[in-house]
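These notes are about the structure you will find just below.
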Amino acid sequence: MVQTKTDLMSTIVSLCKRRGFVFQASEIYGGVGNTYDYGPLGVELKRRVKDAWWSRIVTARNDVVGLDSAIIQNPRVWEVSGHVGGFSDPMVDCKKCKGRFRADKLEDARCPEKPSKVPGQCAGELTEPRSFNLMFKTHVGPVEGTGAVAYLRPETAQGIFLNFKNVLESARIKPPFGIAQIGKSFRNEITPGNFVFRTREFEQAEMEFFVPPAENDQWFEYWRKERFEWYVDLGIRRENLRLRDHDSDELAHYSTACSDVEYEYPFGWGELEGIACRTDFDLKRHSEGSGTDLVYFDPQTKEKYTPYVIEPAGGIDRMALTFLIDAYEEEELEKDTRAVLRFHPEIAPTTVAVFPLVKKEGMPEKAHEIEAMLRRSRYSTFYDEKAAIGRRYRRQDEVGTPFCVTIDGDTLEKDVVTVRDRDSMEQVNVAVPELLAWLDEAIRNWKRVR
Ligand code: ATP
């Protein structure tokens, strides 16, 4: 069945709700704009995306360390970083319907009263664009007043810059090195969201890589390629991705270069992750703003300098959505069509489903035993004994479970299970004592089909 792009997006949204990936937040109260909750499978998917990011960027390397900084920092941080003055979108208001829209994205917006029209082309008149700050303001302490104003962080990067000196002194590392962090960021986004592509609270995965200024260009090249390949290695089809270099007029004023890893979403090409050269801007600003010298002194060369920074910054929710969209396929079979999510086994929410062929003859007991063995190792499992075996396979295909293990008469007699592969639908016999090693090998050798 050929899906139109709009169909594909609504298919993904309804699959996410039906199978427990993503729910609308505050649903029973009518929802809250651009905000979602993750259900049991969505949480597993996101956790695996985060683990895959962390393992590639931090654990597998000896030049990047981790950090978990606070969401609410001293409000001076956001004044000095430029966010209080400049982290804003130009907005226009409709004098008739009172709707508010991004002036630079009007063509993507729709008049709430006449959805066939773009705001301004309906009967309403738009105001001149005004700057609208995207940071959420809050108050800390018992007194509501300017003294107690605080902001929810709109990016995780600043927490990293604030701890540059702490990490340098405590972790015994020197440039080139990176500090990575995954955590929630908050932006009062106004434009429609395209599901979890753009939300008001989202998880960011950012890494600031501090380099001697002379090595800036080589590390920028390195990280833009490395980040692109990470997506390909995790199963995203190369033809659906591109690296787009920013034109000079798109660059932030402190940035000398920026490339986006873009994905071709059902609603068009969009940014999945940005890799930016932030120069020494942030460290210098915080040095001046705080009075603490955020420089690096090289004891060998006796050189003192402010490192330049290369920043790969992506959103975990946007990554999870991208993995979902790219993995989804409706495959025509001889008799029917099956919906399948071809996730890389490393990010599939459930790695192995375990089924007794029938609900009798000791098979459920044996299946529970095998499931417990898999669960105790690193695999997430799902036990299912309801419905015909073919239906159970299809249910797992739809949530992207790469392997289904069936316990039958041979298991009881010869200690052998049937493993069914999600992608090829082929079945092989595997001896139970070899099952863990067999799965490890299959995961290591997994290749995206189609
Ligand atoms: P966009 O142009 O889409 O608004 P941005 O350029 O403002 O994104 P950055 O500030 O570079 O984004 O943030 C880094 C990453 O964080 C983005 O590539 C994206 O994956 C993610 N991200 C940013 N804003 C949101 C949001 N509102 N919802 C979900 N993810 C987001």
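A compact table of results
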{"quantity": "Selected residue (criterion: surrounded by the fewest Cβ atoms within 10 Å (Cβ to Cβ)) from residues of the stretch 237-262 that are farther than 17 Å from ASP217 by Cα and at pLDDT 95 or above", "calculated": "GLU239"}
{"quantity": "Single condition ALA60 does not satisfy, out of (1) exposed (fewer than 14 other Cβ atoms within 10 Å of the Cβ); (2) closer than 28 Å to ILE179 by Cβ; (3) not assigned by TED's automatic domain parsing to the domain that holds GLY315", "calculated": "(3)"}
{"quantity": "Within the stretch 396-430, tally of residues that are in contact with a Phe, Trp or Tyr (Cβ under 9 Å, 6 or more places away or on another chain) and of a type in the set (Lys, Arg)", "calculated": "2"}
{"quantity": "Enumerated strands (runs of 3 or more DSSP E) restricted to the stretch 307-357, each holding at least 3 residues that are surrounded by fewer than 24 Cβ atoms within 10 Å (Cβ to Cβ) and touching a Lys or Arg at 6+ places or on another chain (Cβ under 9 Å)", "calculated": "328-332, 337-341"}
{"quantity": "Per-region count, the stretch 267-277, residues farther than 16 Å from TRP219 by Cβ, surrounded by 18 or more Cβ atoms within 10 Å (Cβ to Cβ) and away from the ligand (no atom under 11 Å from the Cβ)", "calculated": "0"}
{"quantity": "Odd one out for TYR38, checked against (1) without any contact (Cβ under 8 Å) to a residue 40 or more places away in the chain; (2) surrounded by fewer than 20 Cβ atoms within 10 Å (Cβ to Cβ); (3) out of contact with any Asp or Glu (no Cβ under 6 Å at 6 or more places or on another chain)", "calculated": "(2)"}
{"quantity": "Top-ranked residue in the stretch 21-34 [being on the phi < 0 side of the Ramachandran plot and modelled with pLDDT under 95; ranked as farthest from the ligand (Cβ to nearest atom)]", "calculated": "VAL32"}
{"quantity": "Options SER14, SER55; residue that is over 18 Å from the mean Cα position of the chain (by Cα) and either exposed (fewer than 15 other Cβ atoms within 10 Å of the Cβ) or polar (S, T, N, Q) (or both)", "calculated": "SER14"}
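Here is a yes/no grid of residues against (1) touching a residue at least 24 places away in the same chain (Cβ under 8 Å); (2) over 13 Å from VAL352 (Cβ atoms); (3) surrounded by fewer than 18 Cβ atoms within 10 Å (Cβ to Cβ):
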{"site": "GLY400", "(1), (2), (3)": "yes, no, no"}
{"site": "THR406", "(1), (2), (3)": "yes, no, no"}
{"site": "GLY409", "(1), (2), (3)": "yes, yes, yes"}
{"site": "ARG422", "(1), (2), (3)": "yes, no, no"}
{"site": "ALA431", "(1), (2), (3)": "no, yes, yes"}
{"site": "LEU439", "(1), (2), (3)": "yes, no, no"}
{"site": "ALA442", "(1), (2), (3)": "yes, no, yes"}
{"site": "LYS447", "(1), (2), (3)": "no, yes, yes"}
{"site": "ARG450", "(1), (2), (3)": "yes, yes, yes"}
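The values are calculated or read from the model by the stated rules, or taken from the named source; none is laboratory data. Please read all numbers here as calculations on a predicted model, not as lab measurements. Reconstructed Cβ throughout: ideal geometry from the backbone, glycine too, with neighbour counts over all protein chains shown.
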